[in-house]
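Taking it in order: structure first as structure tokens, then the write-up.
The values are calculated or read from the model by the stated rules, or taken from the named source; none is laboratory data. Everything quoted here is computed from the prediction, not taken from an experiment. When we count neighbours, we look across all protein chains shown, and the Cβ atoms used for this are built from the backbone with ideal geometry, even at glycine.
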Amino acid sequence: MLTIGVDVGGTSIRAGVVDFRGDMIDLTRTGTPTGEAALDDAIVGVITELTGRHKITAIGLAVAGFVAEDRRTVRFAPHLAWRQALVGDRIANRIGLPVVLEHDANAAALAEHRFGAARGAQVAVMIALGTGIGGALLLDGKIFRGAYGVAPELGHLRLVPGGRACSCGKSGCWERYCSGTALAATAIELLASHPGSSTLLVREAAADSRAITGRRVAAAARDGDPIACQAMAELSRWLGEGLALVADVYDPEIVVIGGGLSESAPLYLDDAREHYASAITGARHRPLARIRTAQLGDDSAIVGAATQAAETVSPIRQMARIGLKGYAARRRSS
């Protein structure tokens, strides 16, 4: 049984065909548009491209936003156009396949627990560093959603009172200091305070300020650009501070760092571990969580969403084939 996972992020939409082993066998992507109708069209477009090449049974959407308990509605998405939107029904009606929604960090955490870095962990936290920060908590392998389906929204913990404005409506949120967007913002602030610098980033910013993205800053840091390295050091510090706060609340055995920025983990993760170890309550007197990068990389959310779709749709298909009583008898005998 093949399913499609779609990772709907603030910058790009990535869709992949996933098999029952969690292996992705096909992939496509497009940019994330700003309007609600255009966003729906873009998702339908990548799904249609893949269904044209594969026989698909269900779709899982990994969404950077609040997913309601019905798993069909997006209540709010800071970086997307949806507000109380019946996304699942709209997409399902257009493509003619079942659609299941999941928070993108939850989907990534599920994939890492089934197939990757968090396999076998009893208490695991997922931190997805991308356009913003997505967070997920797994207890005994099960996703913790909270009372209304929106927990844990870790990216919007306020780390800096009166800090940078956030698209969620607050200010000083963790993701405004520790994400791909934050990395670019920090670099731009540093460039403004060092106007005499002759770094590569200065020359690129002078030509086009839009060229300063988180991905570009990370690349410049790998090349040793001093402004980029300083911005990366700031990201390391804030990642460590935030992880200490998360560990004080959840006391996980493992924290998995995923998202697009995880590809640059060698530039910041060791320093972040040190900040975390010194900032946590009871430092040096308690076990520390292992902090690892996502084994499935940037594909975690796609694989997790596709897996959720397969597991949600499979029982429904069985019931349709053998009837509710037959399905219940089979479940009891197994």
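Inspect region 244-259 for any residue being at negative phi, part of a loop (DSSP other than H, G, I, E, B) and at pLDDT below 95 and give the result as yes or no.
Checked region 244-259: no residue is at negative phi, part of a loop (DSSP other than H, G, I, E, B) and at pLDDT below 95.
Which pairs have Cβ atoms under 8 Å, sit 6 or more apart or on different chains, and link a residue in region 150-175 that is free of Cβ contacts under 8 Å to residues at least 40 places away in the same chain and at positive phi to one that is hydrophobic (A, V, I, L, M, F, W, C) and outside any loop (DSSP other than H, G, I, E, B)?
none
Could you list, in sequence order, the residues of region 5-26 that are within 24 Å of F66 (Cα to Cα) and among the charged types (D, E, K, R)?
D7, R14
Can you tell me which residue among G132, G120 is of a type outside the set (K, R), without any contact (Cβ under 8 Å) to a residue 12 or more places away in the chain and under 27 Å from A265 (Cβ atoms)?
Of G132, G120, the one residue that is of a type outside the set (K, R), without any contact (Cβ under 8 Å) to a residue 12 or more places away in the chain and under 27 Å from A265 (Cβ atoms) is G120.
How many residues does region 88-143 contain that are within 11 Å of the chain's Cα centre (by Cα) and under 20 Å from E263 (Cα atoms)?
Residues flagged as within 11 Å of the chain's Cα centre (by Cα) and under 20 Å from E263 (Cα atoms) within region 88-143 amount to 17.
Yes or no: region 217-235 includes at least one residue that is surrounded by fewer than 21 Cβ atoms within 10 Å (Cβ to Cβ) and touching a Gly at 6+ places or on another chain (Cβ under 9 Å).
no
Mind checking which strands (runs of 3 or more DSSP E) fall wholly inside region 88-189 and carry at least 1 residues that are assigned by TED's automatic domain parsing to the domain that holds I56 and hydrophobic (A, V, I, L, M, F, W, C)?
Filter on region 88-189 gives 99-103.
For the list (1) under 19 Å from T11 (Cβ atoms); (2) touching a residue at least 12 places away in the same chain (Cβ under 8 Å), I need the number of the one condition that D251 fails.
D251 satisfies all of (1) under 19 Å from T11 (Cβ atoms); (2) touching a residue at least 12 places away in the same chain (Cβ under 8 Å) except (1).
So which residues in region 209-218 are polar (S, T, N, Q) and part of a helix (DSSP H, G or I)?
Across region 209-218, the qualifying residue is only S209.
For region 200-208, does any single residue satisfy the condition of being part of a helix (DSSP H, G or I), touching a residue at least 40 places away in the same chain (Cβ under 8 Å) and surrounded by fewer than 20 Cβ atoms within 10 Å (Cβ to Cβ)?
Checked against the condition, which is being part of a helix (DSSP H, G or I), touching a residue at least 40 places away in the same chain (Cβ under 8 Å) and surrounded by fewer than 20 Cβ atoms within 10 Å (Cβ to Cβ), region 200-208 yields no hits at all.
Run down A15, A38, A81 and say which single residue is part of a helix (DSSP H, G or I) and either under 20 Å from the mean Cα position of the chain (by Cα) or not acidic (D, E) (or both).
Exactly one of A15, A38, A81 is part of a helix (DSSP H, G or I) and either under 20 Å from the mean Cα position of the chain (by Cα) or not acidic (D, E) (or both), namely A38.
Which condition breaks for F115 when tested against (1) of a type outside the set (S, T, Y); (2) within 30 Å of E253 (Cβ to Cβ); (3) crowded, with 24+ Cβ neighbours inside 10 Å?
(3)
Return yes or no: is P287 part of a loop (DSSP other than H, G, I, E, B) and modelled with pLDDT of 95 or more?
no
Being surrounded by 15 or more Cβ atoms within 10 Å (Cβ to Cβ) and either under 18 Å from the mean Cα position of the chain (by Cα) or touching a residue at least 24 places away in the same chain (Cβ under 8 Å) (or both): is that true of F20 here?
Judged against the criteria, F20 is not a match.
Looking only at region 265-288, filter to residues that are touching a strand residue (DSSP E or B) at 6+ places or on another chain (Cβ under 9 Å) and buried (at least 22 other Cβ atoms within 10 Å of the Cβ); which one of those is farthest from L235 (Cα to Cα)?
The selected residue is Y276.
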